[in-house]
Structure formats: C-alpha cells, structure tokens
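The structure appears below as structure tokens.
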Amino acid sequence: MKTRLSILAAAVMLSCAQPQQNEQPAFDEARELEAIQAVIDNETNSFYAGNYEGWKKSWSHKPYAYQAWNHEDGTVGVAVGWEKIDQQGKGWIEKYYKNGENVIHPSVIKEKPQVHFFSDSVAYLIWKQYNADKTEKIYHLSNETRIMEKEADGWKIVNVSAFWNSVHDIPADSVKKMNL
C-alpha cells in the first residue's frame, strides 16, 4: 500500500511540474517589444540608406497595410495596400536615397515609445522622432505611429503614420540635451 501511495504521489508531482502540451509560454512583452523595435529600426535605417530589400522585409505585404504622411505644403500622402506602399517606397528610395549615396537623414533619434499590445500578435506604438538634416545640425520632429502584426516569420509593419513638423527646426544641441 505504501508503495502504491508513493508511486501515486510521485506521478501527481511529476504531472504538476511538467507543462501541459497545450499550454503556451507566457507572453513576454519586453522581448516582443525588443523584436518590434528591431523591425522598426531596420525599416527606418534601410529606407534612409537606400536599401530597398531591407526596407521591404520589414513590411507586411497585405492588402490592408497602410501608410500616411504629410507634405510641407500641408497636403497628405496615403498609400493603401502593400502594392501601393511598395511602389511609393521603392520610388522614393530610387529617386532620393540612391542606394546610400544621398543620405538625407543620417541620424534618427527616437523617444521611448508608448506601446499597447492588443494581443500576442498585434501591437500599437506611438513616439516622437527627431530626424537630422544632412549636416546633423538641425533636426525635424515627426510624430510617429506604427501598428505591428506578428506573421509567421516575425513582426511586420502594417501601418505607418508619420507627421512631420516641417516649420520648426530644432538645433542639434537641443536634441542632445533631451537625453533620449
């Protein structure tokens, strides 16, 4: 009888200690945010460096992907669906950034983003971003949002909204004093 109870107690302890096969590991927001930020940084850096393939890799290629931005004259630009985003992004990269030969924004400094995870596969981020001019003496402020979706091969950008304050330049030493 003692042997049966010992075996039963051991079996219960082992079954409690082993994770069930259906259980998912706990969602690690810090790890996922790090992965998301790597994708966002890759998209930004690739775009400004004229690296079309790197830029493209950061995006979701879904028909509901969306990109919006403002122009200096107050009008807005919108690209709806991956095909339009790809056409617009590739065109800008080829026209302005020329595979890294024409660096317009050599450095980008971001504030810490506000993040909300709607689920383990959808996240929303907002932040202020400071974009250096060619000389890195003046920065242009942009207010940025991203909606990210986790696909089979990792996090992808589904939505970019980037609104630049093209009227008020910020001297580089002011940005550096912000400790971002």
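The values are calculated or read from the model by the stated rules, or taken from the named source; none is laboratory data. Bear in mind the structure is a predicted one, so any value in this text is a computation, not a measurement. Counting neighbours? That spans all protein chains shown, and the Cβs are built from the backbone with ideal geometry, glycine included. Accessible surface is based on the protein model in full, side chains and every heavy atom, while ligands, DNA and RNA are left aside. Shrake-Rupley method; radii C 1.70, N 1.55, O 1.52, S 1.80 Å.
General remarks:
- Filter result for residue 72 (free of Cβ contacts under 8 Å to residues at least 24 places away in the same chain, farther than 16 Å from residue 45 by Cα and either part of a loop (DSSP other than H, G, I, E, B) or out of contact with any strand residue (DSSP E or B) (no Cβ under 6 Å at 6 or more places or on another chain) (or both)): no
- Looking across 161, 174, one residue alone is among the hydroxyl-bearing types (Ser, Thr, Tyr) and in a strand (DSSP E or B). It is 161.
- Residue in segment 32-48 that is at pLDDT below 90 and either more than 30 Å from residue 108 (Cβ to Cβ) or outside any helix (DSSP H, G or I) (or both) present: no
- Residue match in segment 160-171 (condition: in contact with a helix residue (DSSP H, G or I) (Cβ under 7 Å, 6 or more places away or on another chain), open to solvent by less than 50 Å² (accessible area, probe 1.4 Å) and in contact (Cβ under 8 Å) with a residue 12 or more places away in the chain): no
- Of all the criteria given as (1) closer than 19 Å to residue 129 by Cα; (2) modelled with pLDDT under 95; (3) not acidic (Asp, Glu), the one not satisfied by residue 67 is (2).
- Hits in segment 112-159 - residues which are in contact (Cβ under 8 Å) with a residue 24 or more places away in the chain, closer than 21 Å to residue 77 by Cα and of a type in the set (A, V, I, L, M): 125, 141, 147, 148, 157, 158
- Residue that is nearest to residue 98 (Cα to Cα) [pool: residues in segment 1-31 that are surrounded by 10 or more Cβ atoms within 10 Å (Cβ to Cβ) and either touching a Pro at 6+ places or on another chain (Cβ under 8 Å) or at pLDDT 95 or above (or both)]: 29
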